[in-house]
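All remarks here apply to the structure that follows.
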Amino acid sequence: MTNIESDLACRDLTKDFDGFRAVDHVSFDVPKGSFFSILGPSGCGKTTLLRMIAGFQSPSSGDLRIKGRSMIGVPPNRRPVSMVFQHLALFPTMSIGDNVGFGLRQRGVGRSEIARRVEEVLDRVGLPGVSARRTDQLSGGQKQRVAIARCMVLEPDVLLLDEPLGALDLKLREHMKVELKSLQAAFDTTFVYITHDQSEALVMSDNIAVMNQGRFEQIGAPHEVYHAPHTAFVAGFVGDANRIDARVSAVNGHFLTLTSAASTEMKVKVADNSLSVGQGVQVFLRPEAIELSKTSKSLDGDHNVSQCTVTSVLFNGANSSVIVRDAGGNMINVAMPQTGSFADLHAGDMVFTSWHPNKARCYPLARA
Amino acid sequence: MKSDASKLGFYLLLAPILLWLIVLIILPHIGLFMVSISEKVGPREFETGFGNYAAFFGEPLYWRTFARTAIMSILATALTLILGFPIAYYIAKLTRGRTKTTLFLMCMIPFWVSELVRTFGWMILLRETGVISTTLQRLGLVSGPVELLYNDAAIMVGLVYTSILFMVVPLVTTLDSLDDSLIEAGYDLGGTSSSIMREIVIPHAMPGIVSGCIVVFMLSLGNYLTPILLGGKDSLWFTGMIYTQFITRFNWELGSALGFLLLALSSAIVFLGLKLSKQSLSNTMGRT
Ligand SMILES: Nc1ncnc2c1ncn2[C@@H]1O[C@H](COP(=O)(O)OP(=O)(O)OP(=O)(O)O)[C@@H](O)[C@H]1O
Ligand SMILES: [Mg+2]
């Protein structure tokens, strides 16, 4: 079953804290040299999962293999993984050079060899000549890179990162996203990255696992997770989406006719239909899937068209959006077209929204 | 105007501590120093000079007692550190919440009774007819009663016991401030328990270790009751010697000189200790 190419494989990994299941039957493979993200809201069990991989917590059941070797019962200092901690955990009593050289010293590498390899790895992360400095003499982003260098100098099979960008400010976070990705490519090491920030996961990852309440809801490439979410949770958590509660009123092959709570009708195309008439559903619609127009003339008959009133315009450069209210009173978030043709839109204006039936995702309502 | 008012406020706030310093510390010491540099040349006749200090260096009993006191205090400090560190580590790092508070309180309980009572407690345990001696006899391990009191080991036990709290408290405080993730990072990078202790925990705890050691050393050096009660009449403790000069011999001049020497020499030892451990006083005291 285990793929030979995968660096890290988990099978039915479960962790119970007295009576509370933090990680629930999680299985996944991380291919060699890839960037794997685990994305989930706060408290869903990401850190617990990562700490099991690092060896700080032992799973209640399940198996964990690194390079095909089972890691159950192997202490953290014997595992071929390194971890970048959320607050980096650089040793404040040591210089940068001693920090980076710590792991090599534990392995009994010679002094001059350590100095050479420390310099080399600091050079690779773009910080040559800082080894004599103290940890508090570096900026946030530089500390980040030192923390990565400290792990990478040991050439681990898998590098684990626990929300390492959480402590940085927004601007630096944007910058480090790109940098982390290029560092990963340069070192050609498998990265397992956990975050609650969907944009970090989407930008950097080769594969994303979306986690909720200890379970993996979906594993896939960023575009799959974004465009073809498997569950309502994934659709709502990854990216922005308008959520409309509705009820199935007619089924016609792959086409459904839905009636929203406010009795407006819409057509939705679904890939495989397991829904029946009368069932409650949740419809998720991305803001950028909705087109705006000022007249109803040019609109396609297949689309769901409705006349709406603009309630507010949220200007945010390229990410500007408009909030409109449809006839049924639903508030819908619509991405502002980049052409500038709607630059003069004001609250209270009348507009038409239209969207293609295959743009929406439809999930049966979770039974309470 | 405003700066005048704030200055006044500053001096008013400073006044109590200045008063405390001057009245309770500086004035008595000036007095003591004045007494110590006056030599008795006849009944009620005094001359200014350093004869009392010369007496200390001239009489081997004095400086040997001092050296013995200093070495025993250093030894007691080291023992307290060796015993206190694991206790502090356990309290700070391996327990949480209520257990932590309980353990911390248990360390403090002995200090709710006076030093005298505590020391008598040890005497009850250690004397010839005491608990340990009788138990050993009952178990048939020894044939006759054993006297465990009135030797250096008994003094050491008493000193360590009286001062361990003052080691544990600063150590717990500094170890508490050591982020657990640093220890985990150490393990993650391949460290063993001993290398993590040596390279991460101890360097971090150094200010606490040094401040604990200073306090314990000073307490042991200046201790009077424990060496006298547990070590007996010949305990040869320097404070006991000063006491004798003042109270038994009525030789206030020599007593003051010895007191001053104790102050100077203990300061010198602390200074040397700080230099050796590469810590500064402000660093040590500022952090605990
Ligand atoms: N040692 C523990 N004992 C009991 N429950 C725990 C323990 N550690 C974590 N938990 C619980 O397990 C759940 C998952 O915790 P975890 O730290 O893995 O969350 P997370 O996904 O990393 O969240 P965040 O994004 O906020 O860091 C939480 O509900 C937490 O309360
Ligand atoms: Mg976490």
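The values are calculated or read from the model by the stated rules, or taken from the named source; none is laboratory data. In this text, all values refer to a predicted model and were calculated from it rather than measured experimentally. Positions of Cβ are generated from backbone atoms using ideal geometry, with glycine treated the same way; all protein chains shown enter the neighbour counts. Quick note on the areas: whole protein, heavy atoms, side chains included, nothing else; ligands and nucleic acids left out. Shrake-Rupley method; radii C 1.70, N 1.55, O 1.52, S 1.80 Å.
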Inset, instruction - Return the only residue of A:Leu88, A:Leu138, A:Leu104 being aliphatic (A, V, I, L, M), within 16 Å of ligand 2 (Cβ to nearest atom) and within 19 Å of B:Ala185 (Cβ to Cβ). - result: A:Leu88
Inset, instruction - Tell me, please, whether a residue that is within 24 Å of A:Asn77 (Cβ to Cβ) and more than 16 Å from ligand 1 (Cβ to nearest atom) can be found in the stretch A:134-141. - result: yes
Inset, instruction - May I ask you to say which residue of A:Val192, A:Val158, A:Val203 is within 16 Å of ligand 2 (Cβ to nearest atom), β-branched (Val, Ile, Thr) and closer than 24 Å to A:Pro41 by Cα? - result: A:Val192
Legend entry - In the stretch A:169-206, the residues that are more than 16 Å from ligand 1 (Cβ to nearest atom), more than 25 Å from A:Val153 (Cα to Cα) and either open to solvent by less than 50 Å² (accessible area, probe 1.4 Å) or β-branched (Val, Ile, Thr) (or both): A:Leu202, A:Val203
Inset, instruction - List the helices (runs of 4 or more DSSP H) that sit entirely inside the stretch B:131-192 and contain at least 1 residues that are of a type in the set (A, V, I, L, M) and closer than 23 Å to B:Ile91 by Cβ. - result: B:152-176, B:180-188
Inset, instruction - Considering each of B:Gly130, B:Gly144 in turn, give the residue that is more than 18 Å from the chain's Cα centre (by Cα) and open to solvent by 20 Å² or more (accessible area, probe 1.4 Å). - result: B:Gly144
Inset, instruction - Hey, can you tell me all the residues within the stretch A:155-166 that are open to solvent by less than 10 Å² (accessible area, probe 1.4 Å) and more than 16 Å from ligand 1 (Cβ to nearest atom)? - result: A:Val158, A:Leu159
Inset, instruction - Answer yes or no: is there a residue in the stretch A:116-128 that is away from ligand 2 (no atom under 16 Å from the Cβ), open to solvent by less than 10 Å² (accessible area, probe 1.4 Å), under 22 Å from A:Leu8 (Cα atoms) and in contact (Cβ under 8 Å) with a residue 12 or more places away in the chain. - result: no
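Scan B:Ile183, B:Ile209, B:Ile214 and give me the residue that is farther than 30 Å from B:Phe238 by Cα and modelled with pLDDT of 90 or more.
Of the residues listed, the single one that is farther than 30 Å from B:Phe238 by Cα and modelled with pLDDT of 90 or more is B:Ile183.
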Legend entry - Tally, over the stretch A:215-231, of residues that are under 19 Å from A:Met204 (Cα atoms) and either assigned by TED's automatic domain parsing to the domain that holds A:Leu285 or charged (D, E, K, R) (or both): 1
Inset, instruction - Go through the stretch A:32-105 and tell me which strands (runs of 3 or more DSSP E), entirely inside it, have 2 or more residues that are surrounded by 19 or more Cβ atoms within 10 Å (Cβ to Cβ) and within 16 Å of ligand 1 (Cβ to nearest atom). - result: A:35-39, A:81-84
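Just need a number here: residues in the stretch A:294-312 that are surrounded by fewer than 19 Cβ atoms within 10 Å (Cβ to Cβ), at pLDDT 85 or above and of a type in the set (Ser, Thr, Tyr).
Counting residues in the stretch A:294-312 that are surrounded by fewer than 19 Cβ atoms within 10 Å (Cβ to Cβ), at pLDDT 85 or above and of a type in the set (Ser, Thr, Tyr) gives 3.
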